Amino acid sequence: MRLLIAGWHGQVARALMEAAPSAADVRSLAVGRPALDLRDPRSIERVLNDAQPNIVINSAAYTAVDKAEVEPERAVSLNVDGARMLARAAARRGVPMIHLSTHYVYDGSKPTPYVEGDDTKPTTVFGQSKLDGERAVMEENARHIILRTSWVFSEFGRNFATRLLGATPAGEPLRIVADQHGNPTYAPHLATAILAIARQVKARGSAMPTGIYHAAGEGSATWAELARELIACATGPAMKNLKVELIASAEYPTRAARPVNSELDCRKLDAVFGLRLPPWQEGAKACVARADSK
């Protein structure tokens with residue numbers, strides 16, 4: 001199985017590149033800018049011609065949720081136009097595409113976990129661009145898998161976990177939002193699931209199950225609960241001394257509104273692919289252990 005992973009700096013791309021080499025049946029190549037620029041169709045054609053993949057995984061995206069509100073054209077160029085061109089180029093070669101999306105396609109007002117058939121009502125530029133990107137992929141490549149995920153964290157790059165684990169006690173507690181809830185998803189757990197899906201896509205050929213699937217860590221939490229779990233898993237005395245103060249979203253204003261409910265029901269993924277991501281607490285433990293070992 002030859003995988004082309006679009007993007008190489010993001011959490012999921014990095015997790016995929018760690019997981020893929022340990023699999024004897026997988027040859028993977030992660031390519032990002034400048035070699036693969038989703039805004040440049042010539043670069044897309046060049047990379048696909050060189051890599052000759054039999055599955056494309058699109059993890060490349062504009063993910064600056066707040067900045068997207070003031071520079072929407074950049075979000076659209078990557079999340080919509082770039083996704084469209086990549087899907088089109090893959091389709092011309094008969095190559096299926098696994099495309100990563102987000103819980104931001106929902107408005108967060110539903111009181112229970114979202115299922116794939118629920119109405120999409122994004123309230124942010126980022127969310128709208130990701131929804132439009134999903135539609136572009138589905139229009140351009142009939143052999144598609146759209147994976148919506150939630151609250152991705154890891155020891156890679158800059159995200160909720162790395163910011164928290166890099167904090168130092170300063171007397172004042174960390175003020176963490178406690179009235180938003182979602183499925184914290186450990187990037188390496190998601191990467192393992194993506195590789196398993198890719199194997200099934202290749203094995204099933206033209207009979208592959210296309211469509212939209214939710215893929216997120218099992219169980220729900222608030223940001224404050226995730227923070228406390230990460231702190232509890234830490235071994236260093238500095239982390240043990242961190243205190244968490246629960247605050248409301250209104251006390252932590254952001255340019256782009258965050259969904260109150262980001263929970264995703266992942267039963268369809270289990271029913272079709274036989275896959276369930278591990279509980280988010282296992283991801284928190286693994287994340288801290290790996291961060292501590294660096």
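The values are calculated or read from the model by the stated rules, or taken from the named source; none is laboratory data. Keep in mind that what you see is a predicted model, and the values were worked out from it rather than measured. When we count neighbours, we look across all protein chains shown, and the Cβ atoms used for this are built from the backbone with ideal geometry, even at glycine. Accessible surface areas use protein heavy atoms only, side chains included; no ligands, DNA or RNA. Shrake-Rupley method; radii C 1.70, N 1.55, O 1.52, S 1.80 Å.
Excluding same-chain residues fewer than 8 positions from Lys240, which aspartates and glutamates have a Cα within less than 17 Å of its Cα?
Glu172, Glu225, Glu229, Asp292
Give me, ordered by chain and number, the residues 5 or more places off Ser101 or on other chains with an amide H under 5 Å from its own placed amide H.
Answer set, sorted by chain and number: Leu147, Arg148, Thr149.
In whole percent, how big is the carbon plus sulfur part of the accessible area of segment 27-114, probe 1.4 Å, protein atoms only?
Working: 1940 of 3760 Å².
The value for segment 27-114 is 52 percent carbon and sulfur by accessible area.
What Rg and what Dmax come out for the chain when only alpha-carbon atoms are used, in angstroms?
Rg and Dmax of the chain, Cα atoms, are 18.8, 59 Å.
How much of the accessible area of segment 140-287, probe 1.4 Å, is carbon plus sulfur, in whole percent? Could the numbers behind the result be given before it?
Numbers: 3360 of 6480 Å².
Carbon plus sulfur share of accessible area: 52 percent.
Per residue of segment 281-286, in order, report the coupling 6.51 cos²θ - 1.76 cosθ + 1.60 (Karplus, θ = phi - 60°) as ³J(HN,Hα) in whole Hz, putting x for Gly and Pro.
These are the phi-based 3J(HN,Hα) values: 4, 5, x, 4, 5, 5 Hz.
How far apart, in nanometres, would the label points at Arg267 and Arg175 be if each is projected 7 angstrom from Cα along the Cα-to-Cβ direction?
Here the modelled spin labels are 4.0 nm apart.
So who's got an amide H within less than 5 Å of the one on Ser262, skipping anything under 5 residues away but keeping other chains? H placed 1.01 Å off N, in plane.
Excluding prolines and chain starts, which carry no amide H, the hits are His181, Gly182.
To the nearest 10 degrees, how steeply does helix 41-51 sit against the main Cα axis of the chain, on a 0 to 90 scale?
80
Using the 2.2 N^0.38 Å rule of thumb for compact globular proteins, work out how segment 68-156 stacks up: its C-alpha Rg over that value, please.
1.13
Any chance you could run the full-extension gain for Thr112 through Glu71? It's 0.36 nm times the residue separation minus the Cα-Cα distance, nm to one decimal.
Numbers: separation 41, 0.36 × 41 = 14.76 nm, distance 3.22 nm.
Between Thr112 and Glu71, full extension yields 11.5 nm more.
With a ≥ b ≥ c the root eigenvalues of the C-alpha gyration tensor of segment 215-294, is it rounded (a/c under 1.5), prolate (a/b larger than b/c) or oblate?
Numbers: a/c = 2.82, a/b = 1.20, b/c = 2.35.
Cα axes put segment 215-294 in the oblate bin.
Run the simple label-point estimate for Ala207 and Ala167 please: 7 Å along Cα→C-beta, distance reported in nm.
So the two model labels end up 5.1 nm from each other.
On a C-alpha basis, how far is the centre of segment 164-226 from the centre of segment 44-121 in Å? Whole number, if you could?
If we compute the Cα centre of each part, the gap is 17 Å.
Give, rounded to the nearest 20 debye, the magnitude of the charge dipole that segment 1-110 has about its Cα centre when Lys and Arg contribute +1 at Cβ and Asp and Glu contribute -1 at Cβ. Could you put the intermediate results ahead of the total?
Details: 14 positive and 12 negative charges, 77 e Å.
Around 380 debye, computed over segment 1-110.
How much of the DSSP beta bridge set in the chain is antiparallel, as a percent to the nearest 5? Intermediate values should be presented prior to the final figure.
On the way: 2 of 34 bridges.
Antiparallel bridges make up about 5 percent of those DSSP assigns within the chain.
Among the lysines, select those whose C-alpha is under 17 Å from the C-alpha of Lys67, and discard any that sit fewer than 8 residues away in the same chain.
Counting by Cα, and skipping residues close in sequence, Lys67 has these lysines nearby: Lys130.
Assuming 0.36 nm per residue, please report the length gained on full extension of the stretch Glu245 to Arg199 beyond their Cα-Cα distance. Each step should come with its number before you reach the end.
Values: separation 46, 0.36 × 46 = 16.56 nm, distance 4.38 nm.
In short, 12.2 nm is gained.
What is the mean projected area of the alpha carbon convex hull for segment 1-156, to one decimal in square nanometres? Can you show the working numbers first?
Numbers: hull surface 38.3 nm².
Here the figure is 9.6 nm², rounded to one decimal.
Tell me, what is the per residue accessible area of the chain in Å², probe radius 1.4 Å? Can you show the working numbers first?
Working: 13000 Å² over 294 residues.
Value returned for the chain: 44 Å² of accessible area per residue.
First measure r as the distance between the Cβ atoms of Arg92 and Glu282, then evaluate 1/(1 + (r/R0)^6) with R0 = 41 Å and state the FRET efficiency to the nearest 0.05.
Working: r = 40 Å, r/R0 = 0.99.
It comes to 0.50.
Given 25 °C and 0.890 mPa s, how large is the Stokes-Einstein diffusion coefficient of segment 166-208 in µm²/s, with Rh as the Kirkwood radius over Cα pairs?
170
Points 7 angstrom from Cα along the Cβ direction at Ala142 and Arg46: gap in nanometres?
Result for the modelled spin labels: 3.2 nm.
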